[in-house]
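Working notes for the structure below.
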Amino acid sequence: MATFTDVFNLEDSAIPEPDELSEAIYKSTRLGYLFSSANDGTESQLNIQRQDESQTENQNEIKADSEANSENRAEAQELNWRLLRVLANAHLGWVRLVTVDPVTNDWFVTGSSDSTIKIWDLASLALKATITGHVMGVRALAVSKKFPYLFSGSEDRTVRCWDLEKTNSSLGSQIRDYHGHVGGVYAVSLHPELDLLVTGGKDQVVRVWDIRTRAQAMVLTGHRNDITSIATASVDPQVITSSMDGTIRLWDLRNQRSYLTLTQHSKSIRLMQMHPTEMTACSADSSGNFKQWLLPGGDLLNEFGESGQDKIVNSLAIEPNSNTLFAGYDDGHMEFYDYVSGSLVQTTRTTPAPGSSNSSIYASTFDMLGLRLLTCEGDKCIKVWGED
Amino acid sequence: MSNAHRPTWAPAVGRESKSGSRSFFQQDFSARTKLKFRTPGQGTEGEVGTRDLKAELARAEREALDKKRKAKGLPPLAGGHEGAGSGLMITEGEDEQVAKRRKLLEEAAALDADDSDDDEDEESGEKAVDKGKGKAVEEDSANEDDSDNSDSDSDSDDDEDDTAALMAELAKIKQERAEEAARLAAEQADSAAQDRDAEIALGNPLLNLQAALGQTPDSPSARSTATAAPGFAVKRRWDDDLIFKNQAVGQDDKPKKEFINDILRSEFHRKFMSK
C-alpha cells in the first residue's frame, strides 16, 4: 500500500539545499563587524579605567583623543563633491525620481510629478525621449538589466511597462500594465534573476507580478502602513520592504510571508536602500536616524545621523566603490557619510535655481562608476555633482 | 480623475484576492506573450564588460562641452581634456598594455584638439568656411571614436599593428606641430623688432614732449581739456542751485518683474486668483 511519503516524495527539489557558502559569508561579515565594534568597546573601557586612576592623565588622553579625531576628520575631508552642471527646467514639476541605466551607464531616466518620464544622455544631458501616459505623478521607476523595458509606478495606482525601443513611436511605448493596486504605487523593484516585478505603495501590500503575463503572482500582506521602499536580491531575503509603520520586513518568497520583521526604528521609515554589492541595507526614518542592517539575519550593524532633529530625508544613494552614502534632505541639505563607519564626511547645500526660493532634494543616484552624483530637486532641475 | 491624491482617514488597503473561481475577460489576456531581451548593441552586460566606461564618459562629457563652446563661438577646451584625463588615469588594477594604449590615444587626441584650436584662431574671419570645416572635424572625431571603440573591442592580435600606425601618426603630428611653432616664433621676432623701432623713434620724452604729457590730439581727455582750456570760468548747469532735483528718478511704481519658477507662485496666477 502506498504511503504518504511514497506519493509525495519529501526529498523534493523544490526544497532548497542549505546554502553553506552564503551562510559562511554572512557569518564572517557579522564577525568582522562584531570585532570592529568590540575593539572600540575595549578602548573605551580602558579609557574609563584610566580615568579612575588620575585626572591629569585623563586630560592628556582627551587631548590625544581630540588629535586623533582631528586626524580622522582630515582623512575624511578629502571627499569633496561639488556642483558641476545644472539642467534647469528639466521637468514641469518636481523631479521625484532618477535611475541610471544599470548596464551601459549611457543614459538616465527621471520621473516627475508632472506625470512624465524623461530619458537623458548622461554625458551631454541631452533629452533623448519623453514618455507620457501616467495621469498622475510618477513615484517609482525601475530599469531592467535583461530587457529593454522600463517599469514605472505612479500615484494613479497603475504600474506600467514601457518598451524603450519604441519611445519615439506615435502609438506610445507602453506595452503592459499591471492592474491591481488600490492606492498609489510608491516603490517598484525588479527581481535580479526571476522575471518578477515587486511593487508596493499606499495600499499597504506588496504585490509580486509575473512580468510577461501581467498576472499577479503573490500578494504579501503584513505591513500596517504605506510601503516606502522595496529592495530585491537574488538570494534570501529576496524581497525586503520598508514601511511607514516603522518596520522593515524580510520576505520569504517561497512561503509568501515575512520571516523577519525589524522593529528597531522608532519612527516611520522614509527610505531603505540596499548596498549594491554587499548584503547590507541602510534605512532612514523620519527623525533623521540611519540604521544599517546585515542580511539575511537582520542584525543591526550601525546607527548614525542626528536623531531628534526635524530633518526630512528624501533620498539615499550608496556608492559601492568608495562606500559613500549620500542623503538628500527636504530643505536642500546634502550629507555624505562613510558607509562603513557611519561618520559624516561632507555637508553641503544645493543652490536653488533662479525663480525658486528653496529646493528640496527628492531623488539622487550615483552613476555606475561612482564619478557623478545626480540629484533631482524641487526647483525642477537635475543637478550633476562630481568629486574634485 | 482619480481621487488618490486626496487625504483620507482610512485609505484603501489591498487584500489578497480570494481564491476560488474567477472570471477572466479577454482583455485580461496579454497581447504580448514574449519578452524581448536586450540584444548586442543595446548594451548587454556581456559586451559592456569589455568597454572602458570611465574613458568613454570622460570623452563624451568633453565632446558635449566642446560642442557647447563651439555653439557659443569659443574655442574648444584643450586643458579641460587633460584635466579630465589625468583625473581618470588608470589605476593599478588595469593592464599595463591597456594603460599604454590609452595614454597614446589620449596624447594623439590632445594634439588633435590643439591643432583644431590653432586653425580656428587663424580663420576666425571666414565663418562659412569655418562652419563647414567644423562639421568635417566633428565627423572626423566621430569616426575616430568609432575606430577607438572597435580598437578596444578587437583582439590583441591587431594591437601591434595598431600601435605602429598610431606611433607613425603621432610622429607626423609632432612634426607638423614643430613646423607651426617655428613659424609662430619667426612672426613673434618680427613684431618684436617693429616694436623696438617704434620705441626708439618715440620713446625719448625730450624729443616727443606732447606725447609724454599725454596730450596727443587723438585722446578724448586731451580734447576735453582743450575745449575747457580757453576760458577759465566754471561752467554751471541751469539747475545747480535747486534743492529738489528730479525727485521721481528713483521711484518706480511697477514692481520689478521677477522670474518665478513655479506656476502657483507666479504673478499671473496671483492676479488671476485675485480677480
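The values are calculated or read from the model by the stated rules, or taken from the named source; none is laboratory data. Note that this is a predicted model, so its numbers are computed, not measured. Positions of Cβ are backbone-derived with ideal geometry, glycine not excepted, and every protein chain shown enters the neighbour counts.
What number of residues within region A:118-156 are at negative phi and either part of a loop (DSSP other than H, G, I, E, B) or in contact with a Gly (Cβ under 9 Å, 6 or more places away or on another chain) (or both)? Adding up the residues that qualify gives 26.
Residue count for region A:124-142 satisfying the condition of being surrounded by fewer than 22 Cβ atoms within 10 Å (Cβ to Cβ), within 14 Å of another protein chain (Cβ to nearest Cβ) and more than 17 Å from A:T375 (Cβ to Cβ): 7.
For region A:321-380, the candidate set comprises residues that are buried (at least 20 other Cβ atoms within 10 Å of the Cβ) and of a type in the set (K, R); within that set, the residue that is nearest to the chain's Cα centre (by Cα) is A:R372.
Among the residues of region A:162-185, the ones that are assigned to a strand (DSSP E or B) and within 9 Å of chain B (Cβ to nearest Cβ) come to 3 in all. For the residues A:S242, A:S266, A:S229, A:S258, the requirement of being among the small types (G, A, S), over 21 Å from B:A12 (Cβ atoms) and in a strand (DSSP E or B) singles out A:S258.
Exactly one residue out of A:G305, A:G297 is farther than 24 Å from A:V95 by Cα, out of contact with any strand residue (DSSP E or B) (no Cβ under 6 Å at 6 or more places or on another chain) and not hydroxyl-bearing (S, T, Y), and it is A:G297.
Among residues of region A:206-257 being hydroxyl-bearing (S, T, Y) and within 17 Å of the chain's Cα centre (by Cα), the one that is farthest from A:L300 (Cα to Cα) is A:S234. A search for C-beta distances below 7 Å between a residue of region B:251-265 that is within 8 Å of chain A (Cβ to nearest Cβ) and any residue that is among the small types (G, A, S) and surrounded by 12 or more Cβ atoms within 10 Å (Cβ to Cβ), counting only pairs 6+ apart in sequence or on different chains, returns B:F259/A:G355; B:I260/A:G355; B:I260/B:S266; B:N261/A:A353; B:N261/A:G355; B:N261/A:S356; B:D262/A:S356.
Please verify whether A:S173 is within 24 Å of A:R96 (Cα to Cα) and in contact with a helix residue (DSSP H, G or I) (Cβ under 9 Å, 6 or more places away or on another chain), treating the condition exactly as stated. Yes, satisfied.
Against the list (1) within 24 Å of B:S2 (Cβ to Cβ); (2) surrounded by fewer than 22 Cβ atoms within 10 Å (Cβ to Cβ), the condition A:N168 fails is (1). Residues that are among the acidic types (D, E) and touching a Gly at 6+ places or on another chain (Cβ under 8 Å) were ranked within region A:373-388; the one that is nearest to the other protein chains (Cβ to nearest Cβ) is A:D379. Can you confirm whether region A:201-216 contains a residue that is within 12 Å of chain B (Cβ to nearest Cβ), more than 20 Å from A:A363 (Cα to Cα) and among the aromatic types (F, W, Y)? Looking through region A:201-216, at least one residue is within 12 Å of chain B (Cβ to nearest Cβ), more than 20 Å from A:A363 (Cα to Cα) and among the aromatic types (F, W, Y). Scanning region A:208-253 for residues that are among the basic types (K, R) and either in contact (Cβ under 8 Å) with a residue 40 or more places away in the chain or surrounded by 23 or more Cβ atoms within 10 Å (Cβ to Cβ) (or both) returns a single hit, A:R249.
Looking at A:L271, A:L262, A:L250, just one residue is in contact with a Pro (Cβ under 7 Å, 6 or more places away or on another chain) and among the aliphatic types (A, V, I, L, M), and that residue is A:L250.
Evaluate the following for A:S315: is it surrounded by 22 or more Cβ atoms within 10 Å (Cβ to Cβ), under 17 Å from A:A187 (Cβ atoms), polar (S, T, N, Q) and in contact with a Gly (Cβ under 6 Å, 6 or more places away or on another chain)? When the stated conditions are applied, A:S315 passes them. If you go through region B:65-76 and keep only what is within 9 Å of chain A (Cβ to nearest Cβ) and surrounded by fewer than 17 Cβ atoms within 10 Å (Cβ to Cβ), you end up with B:K67, B:K68.
From the residues in region A:105-146 that are among the hydroxyl-bearing types (S, T, Y) and under 21 Å from the mean Cα position of the chain (by Cα), which one is farthest from A:E193 (Cα to Cα)? So the residue we want is A:S113.
Okay, residues lined up against (1) of a type in the set (K, R); (2) out of contact with any helix residue (DSSP H, G or I) (no Cβ under 9 Å at 6 or more places or on another chain); (3) at pLDDT below 90:
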position	(1), (2), (3)
A:N323	no, yes, no
A:F326	no, yes, no
A:G332	no, yes, no
A:T348	no, yes, no
A:S356	no, yes, yes
A:A363	no, yes, no
A:G370	no, yes, no
A:C376	no, yes, no
A:K383	yes, yes, no
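Within region B:29-53, residues that are at the interface with chain A (Cβ under 7 Å from one of its Cβ atoms) and surrounded by 10 or more Cβ atoms within 10 Å (Cβ to Cβ) have Cβ atoms under 7 Å from residues that are polar (S, T, N, Q) and in a loop (DSSP other than H, G, I, E, B) in these pairs: B:S30/A:T213; B:R38/B:T44; B:G43/A:T104; B:V48/A:T104; B:L53/A:N105, counting only partners at least 6 apart in sequence or on another chain.
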